[in-house]
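Rule-based calculations on the coordinates, nothing more; no lab input. Just so we're clear, the structure is a prediction, and the values are computed from it rather than from any experiment. Virtual Cβ from ideal backbone geometry, glycine too; neighbours counted across all protein chains shown.
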Amino acid sequence: MKKSNLSVLPVILWLCLFLVVPMLIVVGISFMGRDDLGNVVLDFNLESYSRFFDPLYLGIYWDTIVLSVLTTGLCLLLSYPLAYYIANAGPKMQTWGLVLITIPFWINFLIRTYAWVLLLRTQGVVNNVLLDFGLIQEPLQMLYTKGAVLLGMVYTFIPFMVLPLYVALDQMDKKLLEAASDLGASRWKSFWHITLPQTKSGIMTGSVLVYVSTTGMFVVTDILGGSKSSMISNIIQSQFLGARNWPFGSALSVIFVITSLIMIALFNRALTSKHMKTKEGR
Amino acid sequence: MKKMRWAGLMLAVMMVLTLLSGCGSSKETLNIYSWADNFDEEVLKEFEKQFDVKINYDVFANNEDLLAKIKAGGNGYDLIQPSDYMVATMIKQDLLEPLNKDNIPNWTNISDTYKNPSFDPDNKYSLVYMSGVTGIAYNTKYVKEEISSWADLWNPEYKGKVILLDDNREMIGMALKKAGLSNSTTDEAQITAAVDDLKTLLPSVLAFDTDNIKQKMIQEEGWIATVWSGDASVIAQNNPDVAFVIPKEGGTIWSDNYAIPKGSKHKELAEKFINYMLDPEVSAKNYESIGYSDPNTKATPFHTEEYNNDKMINLSEEELSRTEWLGDVGEMLQVYDRFWTELKSGRE
């Protein structure tokens with residue numbers, strides 16, 4: 001018992017030093033004031049928090065949540081069939097599927113995002129092909145739009161959804177499906193009542209990974225969105241740099257962490273209760 | 001089980017990769033902290049040889065990073081290159097050493113235009129290293145009218161093809177200049193009016209961009225844009241259809257400067273370095289390589305004809321006379337920042 005306690009000590013130390021302590025510093029600064037040179041000064045106040053309720057910042061946060069929920073939903077819709085296919089393929093295909101999904105990650109994320117610029121811009125590959133085939137007369141403006149941002153987000157985070165779903169689908173007890181079909185359940189019915197509830201943990205993990213990563217991402221909005229729409233993380237970054245308002249930036253970060261935790265808890269509860277209902281219905 | 005581990009491992013590797021992409025000797029060492037690629041490599045090597053020293057060159061991405069690091073204790077840097085407004089901020093916060101001009105006799109080579117700038121009136125703490133002016137770059141293939149004023153950006157013909165710098169002070173400053181006001185006003189009513197004016201430009205804006213604005217203009221994504229003169233020169237070299245003008249209302253001038261932070265252990269060596277860089281021949285070689293305007297008046301004969309004839313690198317006296325430095329706006333920075341957030345998010 002004692003031995004195992006000792007072995008987790010380095011991890012606990014690491015987390016304390018590099019997660020808990022910095023987080024506490026951020027929380028501390030969020031309650032402080034600043035002088036007109038941007039230095040943080042010891043002056044306890046709640047001004048940074050009340051400033052968040054300015055409709056401007058609330059609106060930006062709302063936009064961020066909408067985009068993140070959309071990205072998560074789209075990732076889930078696109079990933080589930082793919083993960084299902086890989087999990088039910090032969091062993092060789094499974095390995096290949098997983099390798100193909102992870103290969104893009106060997107290339108730097110920024111380079112992959114700029115590749116989308118080359119594809120989507122007015123003199124880009126997509127426009128040139130469409131023009132050559134006479135499908136359009138004028139180049140389409142695809143880049144620097146909200147659609148381009150959504151596309152970039154979904155593209156970036158799809159693997160984060162596929163892998164947890166794959167694990168869940170691979171692990172599930174396939175005998176239950178056989179039993180269901182023996183008892184005359186349709187394929188759709190057995191999917192709805194067996195596969196889906198059994199892969200709940202995968203859906204949960206994937207969704208949390210995608211949702212949290214999307215809310216914290218600002219590079220995609222800058223590169224593919226032309227910096228025209230601000231995400232909450234853009235605002236946090238600018239408070240720490242250009243605006244030199246660390247207390248406000250810290251307060252935004254704290255609010256960001258708390259609301260993300262709430263969203264995850266709500267999502268978790270929604271999934272659990274759905275599962276409960278199916279159980280009761282049996 | 002094995003496959004699950006593989007999936008888990010890959011997931012961990014991917015997360016780390018995604019998150020990361022956001023980020024000896026006994027000789028005397030000169031520790032430089034500056035922008036990336038800010039000097040010609042050979043010129044630095046030559047200095048190391050001549051003075052038998054070692055140069056240690058670290059880079060920062062923006063002035064705010066520089067300020068944060070110097071405030072945290074300097075990290076042993078001997079020479080830093082803050083921009084104009086950051087020099088003013090650093091002087092206010094008592095972070096800079098006064099320069100000993102006796103060690104920098106070549107400082108008199110600097111053109112009068114760049115001597116005694118408003119952010120450091122007697123050049124007590126800083127000397128201008130390089131400079132540029134924000135103007136309008138436009139592609140003559142698409143823009144047929146003569147461009148002479150900031151108001152031309154508002155022309156509905158260019159709707160969806162205008163690119164603006166992703167910079168709060170620069171762009172609100174531009175709208176202020178358009179209205180004939182100072183780019184650094186602290187009068188909230190003036191700022192509000194300028195921002196309202198900018199809001200009417202928003203439907204025309206293709207993108208806000210500072211780092212990649214060159215590529216966007218070279219690739220003809222945008223037709224007309226607010227661009228620094230040095231960047232305009234690079235764009236024109238790659239796309240000869242692009243022209244550049246300093247609008248009649250005048251533009252914002254900026255500079256990166258030499259300064260020595262408090263706590264430098266090799267102050268004299270840093271001053272010797274500044275003096276070396278201001279030598280006419282060294283200077284010509286250096287600016288030829290980095291492609292920015294050379295403030296050294298004695299260097300002109302050592303430059304190539306091509307460089308001397310580049311009107312975007314060498315702005316005329318008349319153009320420079322219409323420029324204004326961005327001044328420190330103190331507490332009003334918060335107002336500028338909120339307005340900028342408002343503008344970019346398209347909300348009230």
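Side notes on the structure shown:
- Among A:Leu42, A:Leu78, A:Leu151, the largest mean-square fluctuation in a Gaussian network model of chain A, built with springs joining Cα atoms closer than 10 Å, belongs to A:Leu42.
- The count of lysine pairs in region A:48-281 with alpha-carbon distances below 19 Å, taking only pairs 8 or more places apart or on different chains, stands at 14.
- Range of Cα positions in the protein assembly as shown per principal axis (Å), largest first: 95, 71, 50
- With the simple model of a label 7 Å out from the Cα in the direction of the Cβ, A:Val20 to B:Glu281 spans 6.4 nm.
- DSSP beta bridge pairing in chain B, given as percent antiparallel to the nearest 5: 60
- The mean number of partner chain beta-carbon atoms within 10 angstrom of a residue's beta-carbon across peptide B:164-175 is 1.
- Membrane-span-like helices in chain A, defined here as complete DSSP H runs extending at least 20 Å along the helix axis by their C-alpha atoms with mean Kyte-Doolittle hydropathy no lower than -0.5, are A:55-87, A:146-171, A:200-215, A:246-281; this is a sequence and geometry rule, not a statement about a membrane.
- For region A:189-268 versus region B:29-80, the gap between their alpha-carbon centres in whole angstrom: 37
- Magnitude of the charge dipole for region B:140-281, about its Cα centre and with charges confined to Cβ atoms of Lys, Arg (+1) and Asp, Glu (-1), is about 140 debye.
- Taken residue by residue and averaged, Cβ atoms of other chains lying within 10 Å of the Cβ of A:224-237 number 4.
- Near B:Asp166: Cβ cut-off under 11 Å, other residues only, Lys/Arg at +1 and Asp/Glu at -1. The net charge is -3.
- Charge context of B:His303, other residues only, Cβ under 12 angstrom, K/R +1, D/E -1: -4
- Alpha-carbon centroids, region A:18-87 and region B:243-270: separation in whole Å: 35
- Legend: distances between Cα atoms for B:Lys45/B:Lys124; B:Lys144/B:Lys214; B:Lys69/B:Lys101; B:Lys71/B:Lys92; pairs beyond 19 Å are B:Lys45/B:Lys124; B:Lys144/B:Lys214; B:Lys69/B:Lys101.
- Average other protein chain Cβ within 10 Å of Cβ, residues B:204-212: 4
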